[in-house]
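Heads up, the thing below is written out as structure tokens.
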Amino acid sequence: MNRKIKNFLIVIGIPVMYAIFVRIIFGMKLETWDDFFSVMSTTFLFILPTVVGALTVYLSSYEKAKSIVYRIFTPWIPIFLFLVLTLALAIEGWACWIMILPIFLLTASIGGILGGYLKTQRKNDRLNISILVLIPFLLAPIERMIKIIPGTYKAYTYIDIDAPSEKIWDNVTRVKEITMEQDKGYLTRILGFPRPVKAELNFEGVGAYREAIFTKGLVFHETVTEYKDNEKMVFTIKAYPHDIPSTTLDEHVVIGGDYFDVLNGTYELEKLSNGKNRLHLYSHFKMNTTFNFYAGLWGKWIMKDIQNNILQVEKKRSEKK
């Protein structure tokens, strides 16, 4: 075998195989197994790519490991190969990868810098790299023992509409079918999330039931808890993950699942001094991970994208002569 090919298989192949092995172990659905390992953990998100980066540079030649550019960017190769393989084998979903890729690339580079240090300084490096490889399996059970405190977040959006409040409110309480051309939810489209189709309300008032229907079988079941005609509507939101087809969303980002749930929403209509009306739409959602500081950001971006998409539809329809 050509020496260059052999070196490539060692430098890139071993870290990729290690990453797949860890992913399989952390993703196994066995009784009591989840008490020790989980893909939705800080250990998997931050430590795994760090180890992959360290392995990649450590297994490289001494001359290459001396280069800081090599240490930073070469670990990205096994990360991208890991991405392709997990997608091809349906181990991981596209939405999850888009969200975790920035963290994976950053921490892989940090690992590459560490691996380069171990390689060039030769300070008991074989023992250190062996310990590094075992760290995810040592930290994961400890992390699982830490009680997760769910985080609640608010996604706030608004839009100014040049139309009578009554007309705007009609388009708020009942949203007629949204065509593909009217859909401007760019982030959710990239992530492969269901797009909004329509919303139906059985009557105007407290206790009313509103059904927000999305593509791919996703339905938000909403109950009105506060209502003031042409001014305000507050409603609880419930999605039943077992009613959503398994092909709709990755299990790690399914709405109403173990890690992400929408709690409530509020519409408020405010009269402006220039004769226009400002339509506010905000929601509260819950994240249930050990890395809520990062997951919460994505949750806000996703919810804001959905809300802005609906607001722009309501604006266009309300302003239509």
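The values are calculated or read from the model by the stated rules, or taken from the named source; none is laboratory data. No experiment lies behind these values; they were computed from the predicted model shown. No Cβ is skipped: glycine too gets one built from the backbone with ideal geometry, and neighbour counts run over all protein chains shown. Remember, those area values only see protein heavy atoms, side chains included, never the ligands or the DNA or RNA. Shrake-Rupley method; radii C 1.70, N 1.55, O 1.52, S 1.80 Å.
Using a/c under 1.5 as the rounded threshold, could you call the stretch 75-222 rounded, prolate or oblate? The axes a ≥ b ≥ c are square roots of the C-alpha gyration tensor eigenvalues, and prolate needs a/b larger than b/c, oblate otherwise. The shape class here is prolate.
First check a/c for the chain, with a ≥ b ≥ c the square roots of the eigenvalues of its C-alpha gyration tensor; if it is under 1.5, answer rounded, and if not, answer prolate when a/b is larger than b/c or oblate otherwise. Since a/c reaches 1.5 and a/b is larger than b/c, the shape of the chain is classed as prolate. Averaged over its residues, the stretch 181-221 has an accessible area of 47 Å² per residue, based on protein heavy atoms and a 1.4 Å probe. Quick one: of LYS238/LYS321; LYS29/LYS119; LYS228/LYS271, which pairs are farther than 26 Å apart, Cα to Cα? Correct reply: LYS238/LYS321; LYS29/LYS119.
If you build a Gaussian network model of the chain, linking Cα atoms that sit under 10 Å apart, which residue out of PRO78, PRO136, PRO102 swings the most? Result for the chain, Cα springs under 10 Å: PRO102 fluctuates most. Comparing mean-square fluctuations of ASN230, ASN309, ASN274 from a GNM of the chain with C-alpha springs under 10 Å, the top value falls on ASN274. If you average the alpha carbon positions of the stretch 56-119 and of the stretch 1-29, how far apart do those two centres end up, in angstrom? Cα centroid of the stretch 56-119 versus Cα centroid of the stretch 1-29: 11 Å apart. Does the stretch 1-105 come out rounded, prolate or oblate, given a ≥ b ≥ c as the square roots of the eigenvalues of its C-alpha gyration tensor, rounded meaning a/c under 1.5 and, failing that, prolate meaning a/b above b/c? Verdict is prolate for the stretch 1-105. Under a model in which nothing but the beta-carbon of Lys, Arg (+1) and Asp, Glu (-1) is charged, the chain shows a dipole of about 1500 debye around its Cα centre. Where only DSSP H runs of four or more residues are counted, the chain gives -14500 deg cm²/dmol as its mean residue ellipticity at 222 nm, each run worth -39500 (n - 2.57). Under a Gaussian network description of the chain, with springs only between Cα atoms under 10 Å, the residue in VAL172, VAL84, VAL234 that fluctuates furthest is VAL84.
Taking amide H as placed 1.01 Å from N in the peptide plane, GLY185 has no amide H partner under 5 Å among residues 5 or more places away or on another chain. Probe radius 1.4 Å, ligands and nucleic acids ignored: give me the carbon and sulfur share of the accessible area of the stretch 39-133 as a rounded percent. Using a 1.4 Å probe with all protein chains present, the stretch 39-133 comes out at 71 percent carbon and sulfur. Exposure here means at most 13 other Cβ atoms within 10 Å; with GluC sites (Glu not before Pro) in a DSSP loop as sites, the longest stretch of the chain lacking them is 32-176.
Surface composition of the stretch 256-321: carbon and sulfur make up 52 percent of the accessible area, probe 1.4 Å.
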